[in-house]
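The values are calculated or read from the model by the stated rules, or taken from the named source; none is laboratory data. Please read these numbers as outputs of a predicted model, since none were measured by experiment. Virtual Cβ from ideal backbone geometry, glycine too; neighbours counted across all protein chains shown. Note: areas computed on protein heavy atoms with side chains; ligands, DNA, RNA excluded. Shrake-Rupley method; radii C 1.70, N 1.55, O 1.52, S 1.80 Å.
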Amino acid sequence: MAGYVHGYDERANARLVDQAAALVDLLHHDTAYPSASRVLEAGCGVGAQTVTLVARSPQAQFTSVDVSAESLAEARRRTRGAANVEFVQADIFALPFAPASFDHVFVCFLLEHLARPVDALRTLIELVRPGGSVTVIEGDHGSAYFYPDSAAAHDAIQCQVELQRRAGGDSEIGRRVYPLMVESGLDGVQVSPRMVYVDASRPDLVGGFTHKTFTAMIEGVRDPALAAGLITPERFDAGIEALYRTDVFCYAFFKGVGRRGR
(Lines give C-alpha, C1' and ligand atoms only; values in the text may rest on other atoms or scores of the structure.)
Protein backbone atom coordinates (compact mmCIF):
# COMPACT_ATOMS: atom_id res chain seq x y z
CA MET A 1 0.00 0.00 0.00
CA ALA A 2 1.13 3.56 -0.65
CA GLY A 3 1.59 5.90 2.29
CA TYR A 4 -1.67 6.69 4.03
CA VAL A 5 -1.71 10.49 4.02
CA HIS A 6 -4.78 10.91 6.26
CA GLY A 7 -3.21 9.42 9.38
CA TYR A 8 -4.57 7.09 12.03
CA ASP A 9 -5.13 9.48 14.92
CA GLU A 10 -8.40 10.01 16.74
CA ARG A 11 -9.33 13.04 14.65
CA ALA A 12 -8.80 11.18 11.39
CA ASN A 13 -10.87 8.25 12.65
CA ALA A 14 -13.69 10.58 13.70
CA ARG A 15 -13.67 12.16 10.24
CA LEU A 16 -14.14 8.76 8.59
CA VAL A 17 -17.11 8.03 10.83
CA ASP A 18 -18.64 11.47 10.18
CA GLN A 19 -18.23 10.92 6.44
CA ALA A 20 -19.87 7.50 6.54
CA ALA A 21 -22.82 8.79 8.56
CA ALA A 22 -23.37 11.76 6.25
CA LEU A 23 -23.27 9.65 3.09
CA VAL A 24 -25.19 6.51 4.06
CA ASP A 25 -28.18 7.12 1.80
CA LEU A 26 -26.15 8.53 -1.08
CA LEU A 27 -23.67 5.66 -1.26
CA HIS A 28 -25.65 2.74 0.12
CA HIS A 29 -29.30 3.02 -0.84
CA ASP A 30 -28.55 0.23 -3.33
CA THR A 31 -26.02 -1.74 -1.29
CA ALA A 32 -27.46 -5.03 -0.07
CA TYR A 33 -26.37 -8.66 -0.12
CA PRO A 34 -28.55 -11.80 -0.13
CA SER A 35 -29.06 -14.04 2.86
CA ALA A 36 -26.20 -16.49 3.47
CA SER A 37 -23.90 -14.76 0.99
CA ARG A 38 -20.22 -14.42 1.88
CA VAL A 39 -18.90 -10.89 1.50
CA LEU A 40 -15.30 -9.70 1.73
CA GLU A 41 -14.83 -6.05 2.73
CA ALA A 42 -11.32 -5.12 1.64
CA GLY A 43 -9.68 -2.29 3.57
CA CYS A 44 -12.32 -1.81 6.26
CA GLY A 45 -10.28 0.69 8.28
CA VAL A 46 -12.03 1.71 11.49
CA GLY A 47 -15.29 0.09 10.39
CA ALA A 48 -16.98 3.28 9.23
CA GLN A 49 -18.56 1.45 6.28
CA THR A 50 -18.74 -1.93 8.03
CA VAL A 51 -21.40 -0.64 10.41
CA THR A 52 -23.69 0.13 7.50
CA LEU A 53 -22.90 -3.07 5.59
CA VAL A 54 -23.71 -5.44 8.44
CA ALA A 55 -26.86 -3.52 9.38
CA ARG A 56 -28.25 -3.42 5.84
CA SER A 57 -27.54 -7.08 5.08
CA PRO A 58 -28.06 -8.80 8.45
CA GLN A 59 -28.34 -12.28 6.95
CA ALA A 60 -25.09 -12.03 4.95
CA GLN A 61 -21.74 -12.99 6.47
CA PHE A 62 -18.97 -10.39 6.25
CA THR A 63 -15.21 -10.79 6.52
CA SER A 64 -13.64 -7.36 6.93
CA VAL A 65 -9.91 -7.03 6.35
CA ASP A 66 -7.40 -4.30 7.08
CA VAL A 67 -3.62 -4.09 7.43
CA SER A 68 -3.78 -1.95 10.60
CA ALA A 69 -4.30 -3.69 13.94
CA GLU A 70 -5.28 -0.38 15.53
CA SER A 71 -7.95 0.26 12.93
CA LEU A 72 -9.33 -3.25 13.31
CA ALA A 73 -9.60 -2.80 17.06
CA GLU A 74 -11.71 0.30 16.48
CA ALA A 75 -13.79 -1.52 13.85
CA ARG A 76 -14.52 -4.32 16.31
CA ARG A 77 -15.60 -1.76 18.90
CA ARG A 78 -17.92 0.00 16.48
CA THR A 79 -19.60 -3.23 15.35
CA ARG A 80 -19.81 -4.81 18.78
CA GLY A 81 -22.90 -6.97 18.96
CA ALA A 82 -23.01 -7.71 15.24
CA ALA A 83 -22.92 -11.47 14.77
CA ASN A 84 -22.46 -11.38 11.00
CA VAL A 85 -18.92 -9.98 10.75
CA GLU A 86 -15.42 -11.21 11.50
CA PHE A 87 -12.22 -9.18 11.23
CA VAL A 88 -8.91 -10.31 9.80
CA GLN A 89 -5.60 -8.44 9.78
CA ALA A 90 -3.86 -8.90 6.44
CA ASP A 91 -2.25 -7.06 3.55
CA ILE A 92 -4.48 -6.64 0.50
CA PHE A 93 -1.90 -8.41 -1.68
CA ALA A 94 -1.47 -11.36 0.69
CA LEU A 95 -4.95 -12.30 1.82
CA PRO A 96 -5.27 -15.67 3.58
CA PHE A 97 -8.25 -16.94 1.62
CA ALA A 98 -8.67 -19.63 -1.02
CA PRO A 99 -9.78 -18.72 -4.54
CA ALA A 100 -13.55 -18.27 -4.96
CA SER A 101 -14.08 -18.08 -1.19
CA PHE A 102 -16.60 -15.23 -1.44
CA ASP A 103 -19.78 -14.39 -3.29
CA HIS A 104 -19.09 -10.67 -3.28
CA VAL A 105 -16.30 -8.15 -2.60
CA PHE A 106 -16.85 -4.61 -1.34
CA VAL A 107 -14.11 -1.97 -1.71
CA CYS A 108 -14.58 1.59 -0.47
CA PHE A 109 -11.97 4.36 -0.30
CA LEU A 110 -9.13 1.85 -0.67
CA LEU A 111 -7.87 2.07 -4.24
CA GLU A 112 -7.01 5.76 -3.86
CA HIS A 113 -4.22 4.74 -1.49
CA LEU A 114 -2.70 2.03 -3.68
CA ALA A 115 0.10 2.42 -6.21
CA ARG A 116 -1.21 -0.68 -8.05
CA PRO A 117 -5.01 -0.49 -7.99
CA VAL A 118 -5.54 -2.84 -10.94
CA ASP A 119 -3.32 -5.49 -9.38
CA ALA A 120 -5.29 -5.12 -6.15
CA LEU A 121 -8.59 -5.62 -7.98
CA ARG A 122 -7.25 -8.66 -9.81
CA THR A 123 -6.15 -10.15 -6.49
CA LEU A 124 -9.63 -9.59 -5.06
CA ILE A 125 -11.40 -10.95 -8.14
CA GLU A 126 -9.61 -14.27 -7.67
CA LEU A 127 -11.35 -14.57 -4.30
CA VAL A 128 -14.83 -14.19 -5.83
CA ARG A 129 -16.79 -17.12 -7.22
CA PRO A 130 -17.63 -16.97 -10.93
CA GLY A 131 -20.65 -14.73 -11.34
CA GLY A 132 -20.01 -12.97 -8.03
CA SER A 133 -19.88 -9.20 -7.78
CA VAL A 134 -17.24 -6.60 -6.96
CA THR A 135 -18.33 -3.15 -5.74
CA VAL A 136 -15.92 -0.20 -5.76
CA ILE A 137 -16.58 3.27 -4.31
CA GLU A 138 -14.05 6.10 -4.64
CA GLY A 139 -14.09 9.88 -4.43
CA ASP A 140 -12.48 12.44 -6.73
CA HIS A 141 -10.98 15.62 -5.30
CA GLY A 142 -10.90 17.15 -8.75
CA SER A 143 -14.70 17.20 -8.67
CA ALA A 144 -14.87 19.61 -5.72
CA TYR A 145 -16.33 23.02 -6.48
CA PHE A 146 -17.98 25.60 -4.29
CA TYR A 147 -19.39 29.08 -3.91
CA PRO A 148 -17.97 31.56 -3.11
CA ASP A 149 -15.00 30.27 -5.07
CA SER A 150 -11.53 30.69 -3.62
CA ALA A 151 -8.13 30.25 -5.24
CA ALA A 152 -6.61 29.73 -1.80
CA ALA A 153 -9.06 26.90 -1.09
CA HIS A 154 -8.14 25.20 -4.36
CA ASP A 155 -4.46 25.56 -3.45
CA ALA A 156 -5.08 23.91 -0.06
CA ILE A 157 -6.96 21.06 -1.70
CA GLN A 158 -4.16 20.63 -4.21
CA CYS A 159 -1.75 20.09 -1.30
CA GLN A 160 -3.66 16.97 -0.30
CA VAL A 161 -3.79 15.80 -3.93
CA GLU A 162 -0.04 16.27 -4.33
CA LEU A 163 0.87 14.62 -1.02
CA GLN A 164 -1.20 11.58 -1.91
CA ARG A 165 0.40 11.46 -5.37
CA ARG A 166 3.87 11.54 -3.82
CA ALA A 167 2.85 8.71 -1.50
CA GLY A 168 1.87 6.58 -4.50
CA GLY A 169 -1.89 7.10 -4.37
CA ASP A 170 -4.45 9.08 -6.35
CA SER A 171 -7.06 11.27 -4.67
CA GLU A 172 -8.68 11.89 -8.07
CA ILE A 173 -9.19 8.18 -8.74
CA GLY A 174 -12.99 8.40 -8.84
CA ARG A 175 -12.97 9.28 -12.54
CA ARG A 176 -10.91 6.14 -13.17
CA VAL A 177 -13.22 3.64 -11.49
CA TYR A 178 -14.75 2.38 -14.75
CA PRO A 179 -11.48 1.86 -16.68
CA LEU A 180 -9.78 0.33 -13.66
CA MET A 181 -12.57 -2.20 -13.16
CA VAL A 182 -12.67 -3.07 -16.86
CA GLU A 183 -8.88 -3.44 -17.03
CA SER A 184 -8.95 -5.74 -14.01
CA GLY A 185 -11.13 -8.16 -15.98
CA LEU A 186 -14.60 -7.60 -14.52
CA ASP A 187 -17.62 -8.08 -16.75
CA GLY A 188 -20.68 -5.87 -17.10
CA VAL A 189 -19.17 -2.92 -15.22
CA GLN A 190 -21.66 -0.18 -14.41
CA VAL A 191 -20.56 3.07 -12.71
CA SER A 192 -22.85 5.73 -11.28
CA PRO A 193 -21.75 9.15 -9.99
CA ARG A 194 -23.01 10.09 -6.54
CA MET A 195 -23.00 13.86 -6.22
CA VAL A 196 -22.99 15.48 -2.80
CA TYR A 197 -24.69 18.85 -2.99
CA VAL A 198 -24.63 21.01 0.12
CA ASP A 199 -26.22 24.36 0.90
CA ALA A 200 -27.67 26.06 3.97
CA SER A 201 -31.00 24.26 3.53
CA ARG A 202 -29.18 20.99 4.39
CA PRO A 203 -27.46 21.78 7.71
CA ASP A 204 -26.76 18.11 8.39
CA LEU A 205 -24.52 17.98 5.31
CA VAL A 206 -22.96 21.38 6.03
CA GLY A 207 -21.69 20.00 9.31
CA GLY A 208 -21.37 16.33 8.46
CA PHE A 209 -19.75 16.61 5.05
CA THR A 210 -18.47 20.10 4.15
CA HIS A 211 -17.01 20.85 7.58
CA LYS A 212 -16.36 17.57 9.40
CA THR A 213 -15.45 15.45 6.38
CA PHE A 214 -13.96 17.33 3.43
CA THR A 215 -12.57 20.46 5.07
CA ALA A 216 -11.34 18.49 8.07
CA MET A 217 -9.50 16.12 5.71
CA ILE A 218 -7.75 18.98 3.92
CA GLU A 219 -7.00 20.73 7.21
CA GLY A 220 -5.38 17.51 8.43
CA VAL A 221 -2.54 17.73 5.88
CA ARG A 222 -1.43 21.21 6.97
CA ASP A 223 1.79 20.10 8.69
CA PRO A 224 3.06 17.75 5.95
CA ALA A 225 2.11 20.28 3.26
CA LEU A 226 4.12 23.00 4.98
CA ALA A 227 7.00 20.63 5.63
CA ALA A 228 7.07 19.73 1.94
CA GLY A 229 7.14 23.39 0.94
CA LEU A 230 3.93 23.08 -1.06
CA ILE A 231 2.30 26.22 0.33
CA THR A 232 2.80 29.02 2.83
CA PRO A 233 1.04 28.85 6.22
CA GLU A 234 -0.92 31.99 5.42
CA ARG A 235 -2.16 30.69 2.09
CA PHE A 236 -3.15 27.30 3.50
CA ASP A 237 -5.02 28.84 6.45
CA ALA A 238 -6.83 31.25 4.11
CA GLY A 239 -7.92 28.27 2.02
CA ILE A 240 -9.29 26.41 5.01
CA GLU A 241 -11.16 29.49 6.21
CA ALA A 242 -12.69 29.85 2.75
CA LEU A 243 -13.85 26.21 2.76
CA TYR A 244 -15.56 26.69 6.12
CA ARG A 245 -17.32 29.78 4.74
CA THR A 246 -18.73 28.19 1.57
CA ASP A 247 -22.44 28.65 0.95
CA VAL A 248 -22.59 25.85 -1.63
CA PHE A 249 -20.32 22.81 -1.85
CA CYS A 250 -20.33 19.96 -4.38
CA TYR A 251 -18.30 16.77 -4.60
CA ALA A 252 -18.65 13.55 -6.62
CA PHE A 253 -18.16 9.96 -5.57
CA PHE A 254 -18.25 7.11 -8.08
CA LYS A 255 -19.74 3.69 -7.38
CA GLY A 256 -18.96 0.82 -9.71
CA VAL A 257 -20.31 -2.74 -9.76
CA GLY A 258 -18.97 -5.54 -11.95
CA ARG A 259 -19.01 -9.33 -12.00
CA ARG A 260 -16.41 -12.02 -12.28
CA GLY A 261 -16.82 -13.87 -15.54
CA ARG A 262 -17.85 -17.48 -15.57
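In terms of accessible area, using a 1.4 Å probe and ignoring ligands and nucleic acids, Phe87, Phe102 rank largest first as Phe87, Phe102. Placing unit charges on the Cβ atoms of the charged side chains and taking the dipole of the chain about its Cα centre, the candidate lying farthest along the positive direction among Met181, Ala228, Phe97 is Phe97. Note that segment 185-192 has calculated 3J(HN,Hα) couplings of x, 6, 9, x, 5, 10, 10, 10 Hz, one per residue in order, obtained from phi through the Karplus relation 6.51 cos²θ - 1.76 cosθ + 1.60 (θ = phi - 60°); glycine and proline are x. Solvent-accessible area assigned to carbon and sulfur over the chain amounts to 52 percent, based on a 1.4 Å probe. Backbone N atoms of segment 121-159 closer than 16 Å to the 7 Å Cα→Cβ label point of Val248 belong to residues 144-150. Among rounded, prolate and oblate, which fits segment 192-261 when a ≥ b ≥ c are the square roots of the eigenvalues of its C-alpha gyration tensor, a/c under 1.5 means rounded, and a/b larger than b/c means prolate? It is oblate, given that a/c is not under 1.5 and a/b is not larger than b/c. To the nearest 500 deg cm²/dmol, what mean residue ellipticity at 222 nm is calculated for the chain from DSSP H runs of n ≥ 4 alone, each contributing -39,500 (n - 2.57), summed and divided by the residues? Mean residue ellipticity at 222 nm (helix-derived): -9500 deg cm²/dmol.
About its Cα centre, what dipole magnitude does the chain give when the only charges are +1 on Lys and Arg Cβ and -1 on Asp and Glu Cβ, stated in debye to the nearest 20?
Its charge dipole is roughly 820 debye.
The residues packed around Val54, meaning those with a beta-carbon under 14 Å from its beta-carbon, carry a net charge of +4 if Lys and Arg are +1 and Asp and Glu are -1. Annotation: per residue accessible area for segment 14-122 equals 40 Å², rounded to a whole number [probe 1.4 Å, protein chains only]. What does the charge add up to near Asp149, with Lys and Arg as +1, Asp and Glu as -1, over the other residues with Cβ less than 13 Å from its Cβ? My count for the surroundings of Asp149 gives -1.
Computed over neighbours whose Cβ is under 13 Å from that of Val105, the net charge equals +2, Lys and Arg +1, Asp and Glu -1.
So, R0 is 45 Å and r is the distance between the beta-carbons of Gln59 and Glu234; what FRET efficiency does that work out to, to 0.05?
0.25
Once you sort the root eigenvalues of the Cα gyration tensor of the chain as a ≥ b ≥ c, which label holds: rounded (a/c under 1.5), prolate (a/b larger than b/c) or oblate (the other case)? Prolate is the answer for the chain, as a/c is 1.5 or above and a/b outweighs b/c. Projecting the Cα atoms of Ser192, Val161, Val206 onto the dipole axis of segment 97-209, where Lys and Arg carry +1 and Asp and Glu carry -1 at the beta carbon, places Ser192 farthest toward the positive end. Here the chain carries DSSP beta bridges of which approximately 50% are antiparallel, counting only pairs with both residues inside. Of the residues Gly256, Tyr244, Phe146, the one whose Cα sits farthest toward the positive end of the charge dipole of the chain, with +1 on the Cβ of Lys and Arg and -1 on the Cβ of Asp and Glu, is Gly256. Simple spin-label estimate for Ser192 and Val67 gives 3.2 nm between the two label positions (7 Å along the Cα-to-Cβ direction from each Cα). Indicate the gyration tensor shape class of segment 39-146 (rounded, prolate or oblate), computed on the Cα atoms with a ≥ b ≥ c the square roots of the eigenvalues: a/c under 1.5 is rounded; otherwise a/b larger than b/c is prolate and the rest oblate. It comes out rounded by the Cα gyration axes.
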